[in-house]
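First the structure, in the form of structure tokens, and then the observations on it.
Only the coordinates and a few stated rules stand behind these numbers; no lab work does. Remember, it's a predicted structure, so these values are computed and weren't measured experimentally. A quick note on method: Cβ atoms are made from the backbone with ideal geometry, for glycine too, and the neighbour counts reach across all protein chains shown.
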């Protein structure tokens with residue numbers, strides 16, 4: 001397996017990954033019972049030195065459901081009939097996950113409601129009030 005190129009500034013060495021194969025439950029017909037086409041990728045992301053601690057922290061928070069008790073990220077694919085296509089898909093998933101968490105999320109700037117939205121809110125309240133006033137019984 002080759003090194004994983006995430007971007008022009010980040011390449012993860014192949015030695016950090018453990019790839020195992022298993023019998024797939026996906027497509028393949030009768031061949032599915034004979035060939036190990038499912039690919040499972042394990043990555044000890046805490047041990048890598050190419051990624052900053054802040055990046056690791058964002059990654060851990062976002063994808064905690066994919067990290068096992070040992071602290072390894074586990075990704076698997078059995079969508080395709082061929083093992084190499086499943087391996088390529090798992091590697092693409094990992095690249096997408098890493099690029100997704102590369103930058104911290106932007107902080108939200110609090111904004112005030114616009115004049116139009118304040119006006120529409122007030123008009124809706126007046127309409128609702130008038131509707132309820134019309135429902136009242138009038139006694140003579």
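Give the relative contact order (percent, whole number) for region 4-100; include only Cα pairs under 8 Å separated by 6+ residues.
30 percent
Counting other beta carbons within 10 Å of each residue's own, what order do 95, 39, 90 fall into, fewest first?
95, 90, 39
Estimate the FRET efficiency between residue 49 and residue 8 by the formula 1/(1 + (r/R0)^6), using the beta-carbon distance for r and 22 Å for R0, to the nearest 0.05.
So the FRET efficiency works out to roughly 0.75.
Working from Cα positions, state the angle (0 to 90°, nearest 10) between the long axis of helix 83-100 and the longest principal axis of the chain.
Helix 83-100 sits roughly 50 degrees off the main axis of the chain.
Can you give the FRET efficiency to the nearest 0.05 for residue 102 and residue 23, using r as the Cβ-Cβ distance and R₀ = 30 Å?
0.30
Over region 4-100, consider all pairs of different Cα atoms and compute the Kirkwood hydrodynamic radius from their mean reciprocal separation; express it in Å, one decimal.
Across region 4-100, the inverse of the average 1/r is 14.2 Å.
With each label point set 7 Å from Cα along the Cα-Cβ vector, what nm distance links residue 136 and residue 81?
Result for the modelled spin labels: 7.6 nm.
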